[in-house]
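Worksheet: the structure to be examined is printed underneath.
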Amino acid sequence: MEPRRIALAVVLMAAVLILTPYLFPTAKPVPGSMAVAGDSLAADSLRDSVAAAAARVSGSPIAPVAGATPADSAALLATPVQLSVDTTVVKTASADYRTTNQGAALVGATMTRYQALSNRGRTKEGSVELAGPGDRLLSFRLVVPGDTIALDKQIFRTAESSNNGVSTVRYETELAAVAGTPRQVSISYSFQPDSYHVAVAAAVTGVPETSFLLVDLPRGFRSSEADSVEDQNHLAYAYKPELSSAKGVTFRSLDPGERRIEPGPLTWAVAKNKYFMLGVLTPKGGTPFLEANFTGGPRVAKAATRGEATLVMPLKAGNVAFEAYVGPQEFKRLVAMGREFETSNPYGGWIQGIVQPFATMVITLLLWMKKTLGVSYGWILVIFGVAVRIILWPLNQRAMRSSMQMQRIQPELQAIQARHKGDPQKLQAAMMQVYKEHGMSPFSSLSGCLPMLIPLPVFFALFFVFQNTIEFRGVSFLWFPDISVKDPYYIIPILVAITALVLSWLGMRGIKANEQQKMMMYLMPAMMLIFFVNMASGLNLYYFIQNLASLPQQWLISRERSKAAPLVRG
């Protein structure tokens, strides 16, 4: 009987080996998919980056385990099978936030005070939601020597509490022990009442000191704007080095798969669209971020709507804490956060040092005028435009009269130039004598350009302010459904061009203009029409009021010029 039993056992073992692949097939990757390989390469690259960051901090780099992949991390996780995935909703006076126990991630934020806008600039049903379908706003990974553990594979236990209006959601789980040492992870969110401020803290036990928490920012945002294309064009990351000004990284500046590493120490980093953002800030006096990694995402029809950003935080005695701002780009709220968080929209590019202070000054003044006068932002821009012209009136008057004097003495200067053509020293002396007789200087001609240059920083500041100032979002005025987007009827850019033409014509009255000057009189308004046609209607309104307020002064000067003695050229 013994041989027959052995033979039967062999047959059964063979049957199990043969039938198992058919009964329990292994999932195959989709043909052509690079997801697995891409994730592996990204993880390897990120481990190398974290190792380099650790080397900069401690002088002793983390040595990665040869062949370690994210798949190895899954084996380290001890997921309690009895727990199911659930979502916790925390409602504040400002927003509704959603967190999940799968990875202890922040998966959604609804801005209950802001309505989504239709393509006509009018409100439509529903509040603004930041997270795109299937996206996470905040997620975490754990880096230990030799491996990166994706915590989104882990199901956490959930505990909720409330104290003095602060709602706290705490997640806890255990990872598989290593060398007999138990490992636990705890991540908590504390939501402040009537605020977009969230305090985040993590604690990890049983891991070496050379361990890190990776904080992944959103890969994109859901658009709730009337012009979704413009909203997508504003998709960007920004970060603030401790010892320098804030810097921006737009989604479209990164090619798909391109990776950019920004070394720390970093005070904060944000992901944002046109009007809303998610920012993470190190606590005041706390440990800064070691570095930020930005990677370009895939593009659809050349539109850059996806990206990746990861921040590296060292675990100090197994603990780490940071603050999150999840909400609108309201200037006052950003200022209240401190740490120069209001510069999370780095304006001006290479002229940021000039534009950013003016932008801050202009938005501060406009907000003050709104609070003081209590009228709509459309009227605020009208009042602001008139006020700028009134303030500049004396300077403009002086400059215009100086220009008239220069025109009167031009025939005399031309005669001197012809007389002393071959003697530069006599030419200079004779010209200086003419300037002296008329109470002028060689620099008088430059003073005529000064009034034109002074409003430029304000104009540039407004240009950038209108791109991200949520206080202007959805504000209607006259026929504009929204002063933050272009005029749908193109009326205001045409009015800007017409008033610019009238100003040019008044500026030429009483002057014997040449053909080039006549051509410029028509060319400049045409160029302005092209420039302003797709600009925010509020910016057009401001410039139109500027032109309109300049007409009386230009008309008075043109009358004064016409009454003056006619120019004699020769």
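The values are calculated or read from the model by the stated rules, or taken from the named source; none is laboratory data. None of these values were measured; they are calculated from a predicted model. Ideal geometry is used to build each Cβ from the backbone, glycine not excepted, and the neighbour counts take in all protein chains shown.
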If we keep just the residues of the range 514-545 that are of a type in the set (S, T, N, Q) and at pLDDT below 90, which is nearest to V458 (Cα to Cα)? N534
For the range 228-252, enumerate the residues that are assigned to a helix (DSSP H, G or I) and either modelled with pLDDT under 95 or closer than 21 Å to K284 by Cβ (or both). S228, V229, E230, D231, Q232, N233, R252
Any residue that is outside the structural domain of D482 (by TED's automatic domain parsing), within 27 Å of L315 (Cα to Cα) and not in a loop (DSSP other than H, G, I, E, B) - is there at least one of those in the range 131-139? yes
Residues of the range 299-334 classified as in a strand (DSSP E or B), surrounded by fewer than 20 Cβ atoms within 10 Å (Cβ to Cβ) and hydrophobic (A, V, I, L, M, F, W, C), total: 3
Quick one: in the range 157-180, which of the residues that are more than 33 Å from the chain's Cα centre (by Cα) and crowded, with 16+ Cβ neighbours inside 10 Å is farthest from S84 (Cα to Cα)? L175
Using beta carbons and a limit of 9 Å, which pairs, at least six apart or on different chains, have the first residue in the range 403-429 and closer than 20 Å to I557 by Cβ and the second one basic (K, R) and surrounded by 12 or more Cβ atoms within 10 Å (Cβ to Cβ)? M404/R561; Q407/R561
Restrict the check to the range 118-129 and report whether at least one residue is touching a Pro at 6+ places or on another chain (Cβ under 6 Å), in the same structural domain as T92 (by TED's automatic domain parsing), touching a residue at least 24 places away in the same chain (Cβ under 8 Å) and crowded, with 20+ Cβ neighbours inside 10 Å. yes
Can you tell me which residues in the range 225-240 are crowded, with 18+ Cβ neighbours inside 10 Å and either free of Cβ contacts under 8 Å to residues at least 60 places away in the same chain or of a type in the set (G, A, S) (or both)? A226, D231, N233, A236, A238, Y239
Residues in the range 485-508: is at least one closer than 30 Å to I557 by Cα and not in a helix (DSSP H, G or I)? no
Take the residues of the range 355-378 that are aromatic (F, W, Y) and either under 14 Å from F463 (Cβ atoms) or exposed (fewer than 14 other Cβ atoms within 10 Å of the Cβ) (or both): which is nearest to the chain's Cα centre (by Cα)? F358
Positions within the range 525-564 being surrounded by fewer than 21 Cβ atoms within 10 Å (Cβ to Cβ), of a type in the set (F, W, Y) and closer than 27 Å to V475 by Cβ, in sequence order: F531
Note on the range 256-279: residues crowded, with 24+ Cβ neighbours inside 10 Å and of a type in the set (S, T, N, Q) are N273
Could we say that F289 is under 16 Å from E323 (Cα atoms), buried (at least 22 other Cβ atoms within 10 Å of the Cβ) and aromatic (F, W, Y) here? yes
Only one of (1) closer than 21 Å to P265 by Cα; (2) polar (S, T, N, Q); (3) surrounded by fewer than 22 Cβ atoms within 10 Å (Cβ to Cβ) is not met by N345, so which one is it? (3)
Check whether at least one residue in the range 301-311 is of a type in the set (K, R), over 20 Å from E225 (Cβ atoms) and modelled with pLDDT under 95, and report yes or no. no
What's the total number of residues in the range 162-207 that are under 15 Å from V90 (Cβ atoms), in a strand (DSSP E or B) and either in contact (Cβ under 8 Å) with a residue 24 or more places away in the chain or not β-branched (V, I, T) (or both)? 16
